[in-house]
Amino acid sequence: QVHLVESGGGLVQAGESLKLSCVASGNIGSIADMNWFRQAPGKQREFVARITDEGSIKYADSVKGRFTISRDAAKNTMYLQMIGLKPEDTAVYYCNSLIQGIGGRAWDRYWGQGTQVTVSS
């Protein structure tokens, strides 16, 4: 069993910053990628950022230049530094990861429970 737990969300004013964390724990052999998604009220969940085990990084156009994804592989932890937050960044932010269990089992994709980010104008 694998668990992803996000933290760091909160209520901030426009222009301020937040740093989200996602910790993966459990039966973890290898992690291929870690991603951030977000879902605003009444909207579909959307991709925010990705970092792979090789260090490849990708961002959604809407967050480029404002959000920075990083990872501490030794701690199975991913971060999302968000600066210059806008009201349209308000959403529940979810951690997502492709993980292989110990012993070379099949790869599975897991989701966290989400952390709320609210940006007031």
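The values are calculated or read from the model by the stated rules, or taken from the named source; none is laboratory data. Since this is a predicted model, take the numbers as computed values, not measurements. Using ideal geometry, Cβ is built from the backbone for each residue, glycine included, and neighbour counts are taken over all protein chains shown. Please note that ligands, DNA and RNA were not included when accessible areas were found on the heavy atoms of the full protein model with its side chains. Shrake-Rupley method; radii C 1.70, N 1.55, O 1.52, S 1.80 Å.
Within segment 58-74, how many residues turn out to be surrounded by fewer than 17 Cβ atoms within 10 Å (Cβ to Cβ) and outside any strand (DSSP E or B)? The number of residues fulfilling the criteria is 8. Considering 56, 97, which residue is in contact with a Phe, Trp or Tyr (Cβ under 9 Å, 6 or more places away or on another chain) and either over 15 Å from residue 19 (Cα atoms) or not hydroxyl-bearing (Ser, Thr, Tyr) (or both)? So the residue among 56, 97 that is in contact with a Phe, Trp or Tyr (Cβ under 9 Å, 6 or more places away or on another chain) and either over 15 Å from residue 19 (Cα atoms) or not hydroxyl-bearing (Ser, Thr, Tyr) (or both) is 97. Of everything listed in (1) modelled with pLDDT under 95; (2) part of a strand (DSSP E or B), the single unmet condition for residue 55 is (2). For segment 18-65, the tally of residues that are out of contact with any His (no Cβ under 8 Å at 6 or more places or on another chain) and either under 16 Å from residue 88 (Cβ atoms) or aliphatic (A, V, I, L, M) (or both) stands at 30.
When the residues of segment 75-106 are narrowed to those that are small (Gly, Ala, Ser) and modelled with pLDDT under 95, which ends up surrounded by the most Cβ atoms within 10 Å (Cβ to Cβ)? In this case the residue turns out to be 101.
In the set (1) over 18 Å from residue 3 (Cα atoms); (2) assigned to a strand (DSSP E or B); (3) open to solvent by 40 Å² or more (accessible area, probe 1.4 Å), the condition left unmet by residue 109 is number (1). Of all residues in segment 11-45, those that are surrounded by 13 or more Cβ atoms within 10 Å (Cβ to Cβ), assigned to a strand (DSSP E or B) and not hydroxyl-bearing (Ser, Thr, Tyr) total 17. For segment 60-75, state whether one or more residues are in contact with a Gly (Cβ under 9 Å, 6 or more places away or on another chain), free of Cβ contacts under 8 Å to residues at least 24 places away in the same chain and among the charged types (D, E, K, R). Checking segment 60-75: at least one residue is in contact with a Gly (Cβ under 9 Å, 6 or more places away or on another chain), free of Cβ contacts under 8 Å to residues at least 24 places away in the same chain and among the charged types (D, E, K, R).
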